[in-house]
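First comes the structure, then the notes that go with it.
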Amino acid sequence: MSMKGIVDDKWDIEIKSTSGLFDIDVREIWRYRDLLVMFIVKDIVTRYKQTILGPLWFMLQPVLSALIYVIIFTRVAKISTSGAPPMLFYLGSLTLWNYFSETFSIVSKTFSENAAVLGKVYFPRLVLPLARTLSGLLKLLMQFSIFAAVLLYHIFITHRVVPNWYALTFPLLLILISLFGLGAGLLVTALTSKYKDLTFMILFGIQLYMYVTPVLYPLSIAPPDKQFLLWLNPLTSFFEVFKYSFLGSNSGTLNFYWLGYSVAFTLFMFMAGLLMFNKVEKKFIDTI
């Protein structure tokens, strides 16, 4: 082979030790889509492989949690759900919250829990957090079918709930919550690769975060002077739109100003997490 032939050779894949902050190769991730699907299937199968009920845990988890909150918050603490059936109120809110919190928690451990694999085999590092986010989405859709069944019961049998046309925006709402959980998780996993003690603070913080998000209560029952602080939470608008769409205007609030703020904050969080992840992924193995 001549020297000219060697120089003109083009590589199918070129792995660089360094890359620019904005150098995110989307086409490379697409080339590894088969691996992405494999990780999604593996995540779903292994999580419930050695359980008695298997995938039924997907369905039972939010139902059991909702029952507990109905007893504690409605029967004991007497917290109002603004006219919405308590079981339906908590079932919908918890289904949405569980998806966000699990996506955030799992993605935030990407580097620490997969260091052995990432240190030996090359593939686009973003495939792992994307797979976890998408597998969680499949789980959410299964759980949402339970919420939909209870919703239909209250629409056609008890006539206590009247959804509106904004319910059609639910897929967009899911995308926004996915981006927020994914972006926040990417940001945390990049930071905890160097500062490991942040992991404990994050796990504790996500538990408190639920109580400053209108998951277990409608925003309308909060004191007027405290509602502004709750609106600053970007997830507040998403949960309020969800409840407004499916449970009616008494249970949720549609505020386009704060919704725009939440969308902008979500996109910022996603880009910040993506850029930080891209910066750390090449050298995290030296600090993990």
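Assorted remarks:
- The range 101-117 - residue that is over 18 Å from the mean Cα position of the chain (by Cα) and among the polar types (S, T, N, Q) and, of those, modelled with the highest pLDDT: Ser112
- Residue in the range 26-45 that is modelled with the highest pLDDT, counting only those that are farther than 17 Å from Arg132 by Cβ and surrounded by 13 or more Cβ atoms within 10 Å (Cβ to Cβ): Arg31
- Per the listing Arg132, Arg125, the residue uniquely part of a loop (DSSP other than H, G, I, E, B), crowded, with 16+ Cβ neighbours inside 10 Å and either of a type in the set (A, V, I, L, M) or touching a residue at least 60 places away in the same chain (Cβ under 8 Å) (or both) is Arg125.
- Test: residue in the range 149-168 that is part of a helix (DSSP H, G or I), under 30 Å from Glu113 (Cβ atoms) and not acidic (Asp, Glu): no
- Some residue of the range 240-250 being of a type outside the set (A, V, I, L, M) and on the phi > 0 side of the Ramachandran plot: yes
- Of all the residues in the range 98-151, those that are within 18 Å of Trp30 (Cα to Cα) and of a type in the set (Val, Ile, Thr) number 3.
- Contact annotation: residue pairs with Cβ atoms under 7 Å, 6 or more positions apart or on different chains, pairing a residue in the range 221-232 that is within 18 Å of Asn250 (Cβ to Cβ) and polar (S, T, N, Q) with a partner that is surrounded by 12 or more Cβ atoms within 10 Å (Cβ to Cβ) and modelled with pLDDT of 90 or more, are Gln227/Leu219.
- Within the range 104-122, the residues that satisfy the criterion of being in contact (Cβ under 8 Å) with a residue 24 or more places away in the chain, in a helix (DSSP H, G or I) and not aromatic (Phe, Trp, Tyr) are Ser105, Ile106, Val107, Thr110, Ser112, Ala115, Leu118.
- Taking every residue in the range 198-210 that is touching a residue at least 12 places away in the same chain (Cβ under 8 Å) and exposed (fewer than 12 other Cβ atoms within 10 Å of the Cβ) and pairing it with any residue that is basic (Lys, Arg) and outside any helix (DSSP H, G or I), at least 6 positions away or on another chain, yields no pair with a Cβ-Cβ distance below 8 Å.
- Taken over the range 135-163, the criterion of being farther than 21 Å from Ala66 by Cα and surrounded by 19 or more Cβ atoms within 10 Å (Cβ to Cβ) is satisfied by Ser135 alone.
- Candidate set: the range 86-138, residues that are of a type in the set (D, E, K, R) and out of contact with any Asp or Glu (no Cβ under 8 Å at 6 or more places or on another chain); chosen: the one nearest to Gly273 (Cα to Cα): Lys109
- Some residue of the range 60-73 being of a type in the set (A, V, I, L, M) and in a loop (DSSP other than H, G, I, E, B): no
- Selection from the range 232-258 of residues that are hydrophobic (A, V, I, L, M, F, W, C), surrounded by fewer than 20 Cβ atoms within 10 Å (Cβ to Cβ) and in a helix (DSSP H, G or I): Phe256
- Selected residue (criterion: surrounded by the most Cβ atoms within 10 Å (Cβ to Cβ)) from residues of the range 259-285 that are in contact with a Gly (Cβ under 6 Å, 6 or more places away or on another chain) and of a type outside the set (Val, Ile, Thr): Gly273
- Taken over the range 73-100, residues that are at pLDDT 90 or above and out of contact with any Gly (no Cβ under 8 Å at 6 or more places or on another chain) amount to 14.
The values are calculated or read from the model by the stated rules, or taken from the named source; none is laboratory data. Quick caveat, the model's predicted, so the values are computed rather than measured. Glycine also receives a Cβ, built like all others from the backbone with ideal geometry; neighbour counts cover every protein chain displayed.
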